[in-house]
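Below you'll find the structure, written out as structure tokens, and then a few comments.
The values are calculated or read from the model by the stated rules, or taken from the named source; none is laboratory data. Predicted model only: the values in this text are computed from it and were never measured. Cβ atoms come from the backbone with ideal geometry, glycine included; neighbour counts cover every protein chain shown. The accessibility values were calculated without ligands, DNA or RNA, using every heavy atom of the protein model including side chains. Shrake-Rupley method; radii C 1.70, N 1.55, O 1.52, S 1.80 Å.
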Amino acid sequence: MKLIIDDAHIEQIKKIYKYYPVDGVTTNPTILAATGRKPYDILKEIREFIGAAAELHVQVIARTAEGMVEDAHRIQKELGKNTFVKIPSVEEGFRAMKILKTEGAFVTATAIYTPMQAFLAAKAGASYAAPYINRIDNMGYDGVAIAQHIHDIFRNNNLNANVLAASFKNSQQLLELAEYGIGAATASPHVIFSLLTYSPRLKTGDSAIINQCLKI
Ligand code: G3P
């Protein structure tokens, strides 16, 4: 399972890259707005830092298929052809995905709440489908189970797509998906740092954990 950072604060990204084995960065309009900077300024800085080959996922903002395709072209022009274009899994989104598939673009279908949305997105040409684990939990369903279900649907239908699980509240949700072997998970810095919580009774931090290993 790839582990991706769901944030756009460059200092947080640099800190996580320094210590953790991560595979890229995902963003969305809310995450970009939280930096208080111009979206393409921060995105270009992220691209330059993580390198041309790393995964960078950037969301369209248009509401129509034509507008989404236009947004996708701008994203590719500014940040590189290999940038994953995040497209909401709605009717206009599926239409945009089908057009972008013919162009060979990399698409991440986002805002997924049901397995059927993911199935349609994969058939429309998305490389990743992003179910929102915690938001699904908050609706009274089981986000982890739905992500696992989507993974199985992709494999059982020989669809060339992977799950990119998003919206995590804690490391347990992430661990259950790693155990299942889904394609990728993207989490906020807070959740990534919480992956290293060693024991509920032990303070986090390197020295506490090293002392515990050495039985100091
Ligand atoms: O990548 C989608 C994610 O940013 C949504 O997370 O925590 O707002 O549900 P959250």
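Quick notes on this one:
- Just so you know, the Cα atoms of the chain work out to an Rg and Dmax of 17.7, 62 Å.
- Taking the protein heavy atoms of the chain in the context of the full set of protein chains, the accessible area attributed to carbon and sulfur is 53 percent at 1.4 Å.
- Length gained on full extension, Lys14 to Ala52: 12.1 nm, using 0.36 nm per residue less the C-alpha separation.
- Charged-residue dipole, Cβ positions (Lys, Arg, Asp, Glu), the stretch 40-103 about Cα centre, Debye nearest 20: 180 debye
- Excluding ligands, DNA and RNA, the accessible surface per residue across the chain is 52 Å² with a 1.4 Å probe.
- In the stretch 1-104, the alpha-carbon atoms span a convex hull of 101 Å³ per residue.
- When each of Lys2/Lys81; Lys2/Lys169; Lys14/Lys101 is checked by Cα-Cα distance, pairs over 28 Å: Lys14/Lys101
- GNM flexibility winner over the chain from Ala124, Ala145, Ala111 (Cα, springs under 10 Å): Ala145
- With 10 Å bins beginning at zero, the pair-distance distribution over Cα atoms of the stretch 150-191 amounts to 29, 49, 19, 3 %.
- The chain: angle of helix 39-50 to the longest principal axis, Cα-based, in degrees nearest 10: 60 degrees
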